[in-house]
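Visitor: Sharing a structure with you now.
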Amino acid sequence: MAARLSLQSVSKSFNGFPAVISVSFEIAPGEVFCLLGPSGCGKSTTLRLAAGLERADAGLITVNGAAVDDGCRYVPPEKRKVGLMFQDFALFPHLTVGENVAFGLNGFDRHLRMKIALEELEKVSLSRFSKSYPHELSGGEQQRVALARALAPSPSVMLMDEPFSGLDERLRETVRAETVRALKARGTAILIVTHDPEEALQIADRIAVMREGRIVQVGSPEDIYDRPRDPHVARFFSELNTVHAVAGQGSSDTLFGRVEPVQWPKGTRIEIMLRPQFLHLADLGDGIAGVVRDSRLLGDDCLIEVEVDRPDVTEAGEPLILKARVHGRHLPAPGSRVGVNADLSHAFVFPCSHQPERVPA
Ligand code: ATP
């Protein structure tokens, strides 16, 4: 299916500082595409370029196949047929809910605008508030009004910048699920900017991880979470247990056990990383021996920190603390001795950034 929104090698600098560097992606009808990354990596600028709130220095942006920014041609935001939703959803306080939703419907007479507005409010279950003013609604209800307003002109592309971060956690999940369902049902292409990895994993069809102005990895949530391209991407989604080792012939013996296959040449220094849920507590004598330093309840899970008996496994001889995230109620007393087993099928293996001068062949 033809892409609704496409960016090809789009770049943007501010006073010589490259905020977005050669970013390319396409979003299909009904697809949720999340830009994810740390503060300042260029997510919002990318979205603002797609919206037309910034002009690109280079590259091509198309909406429904038509160029909206190609270095010469520049179509302003109100003519791009894209919907915009921001964290600060800014309803007009002096207009009723119905008038707020009708606001963006240019080109229709007043009667028809209000009819469409009421239909949109009905879809987010708020038509009974059409004559109320925004301050009479809860934060979540106001956000749904903002959604109805953004949907009313039936945009084929919706651009959303941290649209749910102002909502409290319970409301956030409901409003987010409702919003995404409503947009997908209409075949709208959705670009969402977030710095929250869990949010991206929950709603995205594809995630693009950005760093320092560039997209460093694009893929399905499973791809990005299970097959991160580098330690930075891996670390973005959870804490990691890291041990260092040296590659052998196709495998490597590590504190966690034998890791294979290892694709780097023999002698390459590698780091092995495991998310806390892939470490399991065992009886002493089974797995890696250590002492419980801390155990905390996280709701349905517990996080247990175990100091490994062998300080020689870290490069500086510092204590190695492993973090195990265990499902259910399991809170061993600090000071008790336990074993830790690793599920190596979920290990990430990367070459270390610092290598010895010569790696033996
Ligand atoms: P955050 O999650 O904190 O919103 P972000 O990933 O969305 O961050 P951007 O807002 O796109 O990041 O900013 C990327 C870089 O570009 C930052 O270093 C920022 O300071 C810079 N920048 C963005 N807009 C402007 C501007 N109008 N003028 C100058 N610099 C800007």
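The rows are residues; the columns are (1) small (G, A, S); (2) in contact (Cβ under 8 Å) with a residue 40 or more places away in the chain.
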position	(1), (2)
A245	yes, no
T254	no, no
K266	no, yes
H280	no, yes
L284	no, yes
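Visitor: Can we say R325 is in contact with a Leu (Cβ under 7 Å, 6 or more places away or on another chain), exposed (fewer than 14 other Cβ atoms within 10 Å of the Cβ), part of a strand (DSSP E or B) and modelled with pLDDT of 85 or more? Please lay out each step first, then the result.
Guide: On the way: in contact with a Leu (Cβ under 7 Å, 6 or more places away or on another chain): yes; exposed (fewer than 14 other Cβ atoms within 10 Å of the Cβ): no; part of a strand (DSSP E or B): yes; modelled with pLDDT of 85 or more: yes.
No: the conditions fail for R325.
Visitor: Mind listing whichever residues of the range 168-182 are under 15 Å from L201 (Cβ atoms) and acidic (D, E)?
Guide: Just the residues of the range 168-182 that are under 15 Å from L201 (Cβ atoms), to begin with: 172-173, 176-177, 180.
Once the filter is applied, which keeps residues that are under 15 Å from L201 (Cβ atoms) and acidic (D, E), the range 168-182 yields only E173.
Visitor: Does the range 70-80 contain any residue that is touching a residue at least 24 places away in the same chain (Cβ under 8 Å), within 16 Å of the ligand (Cβ to nearest atom) and within 24 Å of L35 (Cβ to Cβ)?
Guide: Scanning the range 70-80 turns up at least one residue that is touching a residue at least 24 places away in the same chain (Cβ under 8 Å), within 16 Å of the ligand (Cβ to nearest atom) and within 24 Å of L35 (Cβ to Cβ).
Visitor: A further question on this structure: Can you tell me which condition A2 does not meet? The list is (1) among the small types (G, A, S); (2) surrounded by 16 or more Cβ atoms within 10 Å (Cβ to Cβ); (3) more than 16 Å from the ligand (Cβ to nearest atom), and all the others hold.
Guide: (2)
Visitor: Moving on. I'd like the residue in the range 174-213 that is crowded, with 23+ Cβ neighbours inside 10 Å and in a loop (DSSP other than H, G, I, E, B) and, out of all such residues, is modelled with the lowest pLDDT.
Guide: T188
Visitor: Let me ask you something else. Among what's in the range 5-16 and is within 11 Å of the ligand (Cβ to nearest atom) and of a type outside the set (S, T, N, Q), pick the residue that is surrounded by the fewest Cβ atoms within 10 Å (Cβ to Cβ). Can you show your working first?
Guide: Here is the first cut: in the range 5-16, the residues within 11 Å of the ligand (Cβ to nearest atom) are 12-16.
Now narrow it down to the ones that are of a type outside the set (S, T, N, Q): 12, 14, 16.
Numbers: K12: 22, F14: 11, G16: 5.
If we take residues in the range 5-16 being within 11 Å of the ligand (Cβ to nearest atom) and of a type outside the set (S, T, N, Q), then G16 is surrounded by the fewest Cβ atoms within 10 Å (Cβ to Cβ).
Visitor: For the range 179-197, does any single residue satisfy the condition of being among the hydroxyl-bearing types (S, T, Y) and more than 16 Å from the ligand (Cβ to nearest atom)? Talk me through it step by step, then tell me what you get.
Guide: Step one: of the range 179-197, the residues among the hydroxyl-bearing types (S, T, Y) are 179, 188, 194.
If we keep only those that are more than 16 Å from the ligand (Cβ to nearest atom) as well, we get 179, 188.
Checking the range 179-197: at least one residue is among the hydroxyl-bearing types (S, T, Y) and more than 16 Å from the ligand (Cβ to nearest atom).
Visitor: For the range 68-89, name all the residues that are more than 21 Å from T188 (Cβ to Cβ) and among the aliphatic types (A, V, I, L, M). Even if it seems obvious, please write down each step before you answer.
Guide: Our first condition is that a residue be more than 21 Å from T188 (Cβ to Cβ); within the range 68-89, this holds for 70-74, 88.
Residues satisfying the conditions do not exist here.
Okay, residues lined up against (1) touching a residue at least 24 places away in the same chain (Cβ under 8 Å); (2) of a type in the set (S, T, N, Q):
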site: A146; (1), (2): yes, no
site: S165; (1), (2): yes, yes
site: R170; (1), (2): no, no
site: A182; (1), (2): yes, no
site: R206; (1), (2): yes, no
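Visitor: Can you tell me which of (1) within 22 Å of G166 (Cα to Cα); (2) modelled with pLDDT of 90 or more is the one M85 doesn't meet?
Guide: Only one criterion is unmet by M85, namely (2).
Visitor: A further question on this structure: When the range 146-173 is examined, which residues are found to be in contact with a helix residue (DSSP H, G or I) (Cβ under 7 Å, 6 or more places away or on another chain), more than 16 Å from the ligand (Cβ to nearest atom) and either assigned to a loop (DSSP other than H, G, I, E, B) or among the polar types (S, T, N, Q) (or both)?
Guide: Hits for the range 146-173 are A152, L167.
Visitor: Let me ask something else about it. Has the range 37-56 got at least one residue that is acidic (D, E), over 30 Å from L167 (Cα atoms) and crowded, with 18+ Cβ neighbours inside 10 Å?
Guide: No.
Visitor: Since H330 meets every condition but one in (1) in a loop (DSSP other than H, G, I, E, B); (2) crowded, with 16+ Cβ neighbours inside 10 Å; (3) in contact with a strand residue (DSSP E or B) (Cβ under 6 Å, 6 or more places away or on another chain), which condition does it not meet?
Guide: Condition (2) is where H330 drops out.
Visitor: May I ask you to list the residues in the range 17-61 that are within 13 Å of the ligand (Cβ to nearest atom), within 14 Å of the chain's Cα centre (by Cα) and part of a strand (DSSP E or B)?
Guide: Within the range 17-61, C34, L35, L36 qualify.
Matching residues to (1) in a loop (DSSP other than H, G, I, E, B); (2) modelled with pLDDT under 90; (3) aromatic (F, W, Y):
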{"position": "G250", "(1), (2), (3)": "yes, yes, no"}
{"position": "P261", "(1), (2), (3)": "yes, yes, no"}
{"position": "K266", "(1), (2), (3)": "yes, no, no"}
{"position": "E271", "(1), (2), (3)": "no, no, no"}
{"position": "Q277", "(1), (2), (3)": "no, no, no"}
{"position": "L281", "(1), (2), (3)": "no, no, no"}
{"position": "D286", "(1), (2), (3)": "yes, yes, no"}
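Visitor: A further question follows. Anything in the range 71-107 that is part of a loop (DSSP other than H, G, I, E, B) and loosely packed, with under 15 Cβ neighbours inside 10 Å? List them, or say none.
Guide: The answer is G71, C72, R73, P76, D88, A90, F92, P93, H94, L95, N106, G107.
Visitor: Checking the conditions here, which among H232, H244 is in a strand (DSSP E or B) and surrounded by fewer than 17 Cβ atoms within 10 Å (Cβ to Cβ)? Before you say what the answer is, go through the steps one by one.
Guide: Values: H232 fails: in a strand (DSSP E or B).
Going through H232, H244 in turn, the sole match is H244.
The values are calculated or read from the model by the stated rules, or taken from the named source; none is laboratory data. Keep in mind that this is a model prediction, so the values were computed, not measured. So basically every Cβ, Gly included, is an ideal-geometry build from the backbone, and we count neighbours across all protein chains shown.
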